[in-house]
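Everything on this sheet refers to the single structure shown next.
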Amino acid sequence: MKLNELSPAEGSTKNRIRVGRGVGSGKGKTGGRGVKGQKARSGVAVNGFEGGQMPIYMRLPKRGFTARNSKTHAWVNLGRLGKAIEAGKLDAKDVTEESLVAAGLVRNVRDGVRLLAKGDAPKNLNITVTGASKAAIEAVEKAGGKVTVTGPAKDAAEE
């Protein structure tokens, strides 16, 4: 086989349709756009335009709000921590937010890391995080570990 003998598989390519090139082409005159009107013209974007009546996105009520002081925490589950420690990515004696990022368990810290209780707690885990759920703290302490919460005390008592 030579480079000049290469060709695409049968039926995998089509010739493009050249519109507006005479009536005999089948796509001449109006070029497949129908007849006259706004959408037959070039440069038309009519997304969400409903012909002068009030658009549906304006008719429907708006709900809720976004608090300006809300925080976005990255979160990590006990089960994933356990797997990372078994794989040797983390040292159970000293787990910090920076080490979680380095191990790939958290992509970025944002406003802090919150520990959640899904999965089994690793043995003798010593972890420092911004927040943790009550269940997560209990599970770690039951497994002989310690959780240090650096964030506001309200975070741990919220759940």
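The values are calculated or read from the model by the stated rules, or taken from the named source; none is laboratory data. Values in this document were obtained by computation on a predicted structure and should not be read as measured data. Cβ atoms come from the backbone with ideal geometry, glycine included; neighbour counts cover every protein chain shown. Ligands, DNA and RNA are stripped out before the accessible areas are found, and what is left, the full protein with its side chains, is counted by its heavy atoms. Shrake-Rupley method; radii C 1.70, N 1.55, O 1.52, S 1.80 Å.
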Just checking, does segment 82-101 include any residue being in contact with a Lys or Arg (Cβ under 7 Å, 6 or more places away or on another chain) and exposed (fewer than 12 other Cβ atoms within 10 Å of the Cβ)?
no
Could you list all residues from segment 117-131 that are open to solvent by 30 Å² or more (accessible area, probe 1.4 Å) and either farther than 16 Å from Leu100 by Cα or in contact with a Leu (Cβ under 7 Å, 6 or more places away or on another chain) (or both)?
Ala117, Lys118, Gly119, Asp120, Lys123, Asn124
Answer yes if at least one residue in segment 50-65 is among the aliphatic types (A, V, I, L, M), modelled with pLDDT of 90 or more and either under 23 Å from the mean Cα position of the chain (by Cα) or within 30 Å of Ala132 (Cβ to Cβ) (or both), and no otherwise.
no
Check on Lys134, touching a residue at least 24 places away in the same chain (Cβ under 8 Å) and surrounded by 13 or more Cβ atoms within 10 Å (Cβ to Cβ):
no
Looking at Lys62, Lys27, Lys39, Lys71 in this structure, which one is touching a residue at least 40 places away in the same chain (Cβ under 8 Å) and outside any strand (DSSP E or B)?
Lys71
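Can you name every residue in segment 19-29 that is in contact with a helix residue (DSSP H, G or I) (Cβ under 7 Å, 6 or more places away or on another chain) and open to solvent by less than 100 Å² (accessible area, probe 1.4 Å)? It would help to see each step written out before you state the result.
Keep residues of segment 19-29 that are in contact with a helix residue (DSSP H, G or I) (Cβ under 7 Å, 6 or more places away or on another chain), which gives 29.
If the condition is that a residue be in contact with a helix residue (DSSP H, G or I) (Cβ under 7 Å, 6 or more places away or on another chain) and open to solvent by less than 100 Å² (accessible area, probe 1.4 Å), then no residue fits.
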For segment 125-149, give me the residue count where each residue is part of a loop (DSSP other than H, G, I, E, B) and over 15 Å from Lys71 (Cα atoms).
5
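Yes/no per residue for (1) out of contact with any strand residue (DSSP E or B) (no Cβ under 9 Å at 6 or more places or on another chain); (2) at pLDDT 90 or above; (3) farther than 12 Å from Gly82 by Cβ:
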| residue | (1), (2), (3) |
| --- | --- |
| Arg110 | no, no, yes |
| Leu115 | no, yes, yes |
| Gly119 | no, no, no |
| Lys123 | yes, no, no |
| Thr128 | no, yes, yes |
| Ala135 | no, yes, yes |
| Glu138 | yes, yes, yes |
Among the residues listed as Arg33, Arg41, Arg16, the single one being in contact with a helix residue (DSSP H, G or I) (Cβ under 8 Å, 6 or more places away or on another chain) and open to solvent by 70 Å² or more (accessible area, probe 1.4 Å)
Arg33
Do you know which residues across segment 84-124 are closer than 20 Å to Lys146 by Cβ, of a type outside the set (S, T, N, Q), free of Cβ contacts under 8 Å to residues at least 40 places away in the same chain and in a helix (DSSP H, G or I)?
Ala84, Glu86, Glu97, Glu98, Leu100, Ala103
